[in-house]
Amino acid sequence: MCLKTDMPLRKRSFLFRHFKFTNHIFQFSFTDFPSYVYCMKPVRSLPLMIGRKPVLEALQQGTTIEKIFLLRSATGPEITAIKQLAREQNIPLSQVPVEKLNNLTKAQHQGIVAWTSLLQYVDLQNAISHVVEQGQTPLFMLLDGVTDVRTVGAIARTALCCGAQGIILPTSSSASLTEDAIKTSAGALKKILLCRIPSVPQAIDVMRLNGIQVLGTQMKGSIPVFEADLSSPCCIVMGAEDTGISKDVIKRADTLIRIPMAANFDSLNVSVAAGMILYEAMRQRLII
């Protein structure tokens, strides 16, 4: 970031806290100080795949794709095939206006741009089978509406340290695992099993078919976390900080657990809460 200004440090800090910048040049005018020009570095993203044929061929060849951005008005046989393959491979597909695509690339994108992934995903059932075959007791984290990349990275780091084998991400309302997520995880995202699945209810169904209990986390959960049996096969569902776990989880979970708090306070940060629950799971499993 470069800054052309003689503005006091206090006011500069105010700007950095209250404005979100991208890789553009902005001219700000405020009544209490003169105009200043800010030059921001590009936001780190993922390698791009541009155009209908490259994206379609990548899907057909099984290339790992993090997310597809598709022009809302895009049509044609290639687009139909891309939508079908993305659905089959549990790849998030977002239909966007042309301005979004033009912001991602200056090339002729033909109405479609994809982020290629830096990570590998595995089928959820295959992941469970692998854990069982290794003689381990399954411990999975299901992230329900957690969209912040750094939060996902932090949860992955703690999950790996506490013995969890996998993280489950629904294709909708979940974070794209960018360089920032990998960096925050200290590389844990490259070591833990990552599973994408179309929806949270479908993930819960797979867990139940495999005899894995589903524990939803909620401020008003029925039992404190230390009373839950975390030594048996389980999947812990963490919701977004603003909305919490979804209604589907509340209805379908085997148990709703809570973290007791001494102070009368709203809630814990989701990554901190995940860490506390994961540590309790590890504590119970080490005692056995």
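Values computed for the structure shown
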read-out: Spherically averaged projected area in nm², based on the convex hull that wraps the Cα atoms of region 124-287; value: 8.9 nm²
read-out: In sequence order, calculated HN-Hα J values of region 46-55 (Karplus, 6.51, -1.76, 1.60; Hz; x Gly/Pro); value: 10, x, 9, 10, 10, x, 5, 5, x, 5
read-out: Unsatisfied cross-links (Cα-Cα over 20 Å) in the set K67/K251; K67/K190; K220/K251; K53/K83; K100/K190; value: K67/K251; K100/K190
read-out: Region 195-263: relative contact order in percent, alpha carbon pairs under 8 Å with at least 6 residues between; value: 43 percent
read-out: Mean separation of Cα contacts under 8 Å (6+ apart) over length of region 145-288, as relative contact order %; value: 27 percent
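All of the numbers you see were taken from the coordinates with simple rules; none came from a lab. On a predicted model such as this, the values are computed, not experimentally measured, just so you know.
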